[in-house]
Amino acid sequence: MKKTPPERLIDENGRRIDGRLPDEMRPLRIEAGVLKNADGSAYVELGNNKVIAAAYGPREVVPRHEALPDRAVFRCRYTMLPFSVDERKSPQPSRREVELSKVIREALAPAIFLQEYPRTAIEVYINIIQADGGTRTASIIAGAVALADAGISMRDLVAAIAVGKIGDILVLDINGIEDQFGDGDMPIAMMPSRGEITLLQADGVYTPQQIEEAIKLAQKAIQKIYAEQVRALKSKYEAIKESE
Ligand code: ADP
């Protein structure tokens, strides 16, 4: 449903509609190991986005003919729950969900040592409980933590954030309204400690300088997100240690 456009997305003091400055991210909360029945899991809140990810593997490939002799098959499924958006979304997988499943899989795959697990499957299921712009980046954050929590061998975690554009101003971590009425959306994912980009999409028009600036802005946020991912993973295992 189209919302009525706000009068302006940035006020005279440079504040956005939710009060943030252009380089401010929404509050982020990550919890690792939230599901008892998955091999690994994570819950992520990024502003009003609420995302849960479950990881499985390495396990048997079904159907078996899809198994690969030299590496694991890596699958991702992104699902938006019917109540995650303002107007009920059909539970039928949409084209957007199929596309985002692929985008998220391709953003996470470079971090996994798939060759260590030939003839097996590694799977990540992502459910969007509540959406407010940036669900693919929140899903990548959650998916990486769920994979690490499942004990899958990884080169690095993957963290992600979108940089948007309002007029000519670059803004970090756009929300739903900014996504709908702003002038650009550039989701970026990186392996934070390696500094390698695993996803870069762009909606809107950017100058080469703006692209460089957007990557720098994202990189700073990605380091913060990474620290929170590590904290979430550590705190789960510290809690287990203390209870032993
Ligand atoms: P992302 O969530 O990664 O930003 P999009 O740019 O495709 O991906 O979507 C932007 C936002 O639009 C979503 O986060 C969500 O808030 C909203 N949205 C997406 N699909 C629907 C839908 N079927 N109904 C209502 N809102 C939707």
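FYI, it's all coordinate maths here, none of it is from the lab. Everything numeric here is computed off the predicted structure, so don't read it as measured data. Virtual Cβ from ideal backbone geometry, glycine too; neighbours counted across all protein chains shown.
The alpha-carbon atoms of the range 1-126 define a convex hull whose volume equals 145 cubic angstrom per residue. In the structure shown, the pairs LYS50/LYS165; LYS165/LYS234; LYS50/LYS220; LYS36/LYS220; LYS3/LYS216 are assessed against 27 Å; a Cα-Cα span above that value is assigned to LYS165/LYS234; LYS36/LYS220; LYS3/LYS216. Simple point charges give the picture: +1 on the Cβ of Lys and Arg, -1 on the Cβ of Asp and Glu, and for the chain a dipole about the Cα centre of about 600 debye. Could you name the aspartates and glutamates whose alpha carbon sits less than 13 Å from that of LYS89, not counting residues in the same chain fewer than 8 places away? Excluding near neighbours in sequence, the set is GLU97. If only the Cβ of Lys and Arg carry +1 and only the Cβ of Asp and Glu carry -1, the dipole of the range 76-212 around its Cα centre is close to 580 debye. What's the long-distance tail for the chain, i.e. % of Cα pairs beyond 33 Å? Across the chain, Cα pairs with separations above 33 Å total 18 percent. Only helices enter the 222 nm calculation for the chain: every DSSP H run of n ≥ 4 contributes -39,500 (n - 2.57), and dividing by all residues gives -10000 deg cm²/dmol, rounded to 500. Remark: relative contact order (the range 26-240) = 22 percent; criterion is Cα-Cα distance under 8 angstrom and separation of 6 or more residues. Across all Cα pairs in the range 1-70, the calculated P(r) in 5 Å bins from zero up to the longest distance comes to 3, 12, 13, 12, 12, 11, 10, 9, 7, 7, 4, 1, 0 percent per bin. Normalised by 2.2 N^0.38 Å, where N is the number of residues, the alpha-carbon radius of gyration of the range 187-244 equals 1.56. Ranking GLY133, LEU81, VAL171 by how far each Cα lies toward the positive end of the dipole of the chain (charges on Cβ) leaves LEU81 at the top.
For the range 175-225 and the range 111-159, compute the distance between their C-alpha centroids and round to whole Å. About 19 Å separates the Cα centre of the range 175-225 from the one of the range 111-159.
Across the range 157-244, the relative contact order, built from alpha-carbon pairs under 8 Å that are at least six residues apart, equals 28 percent.
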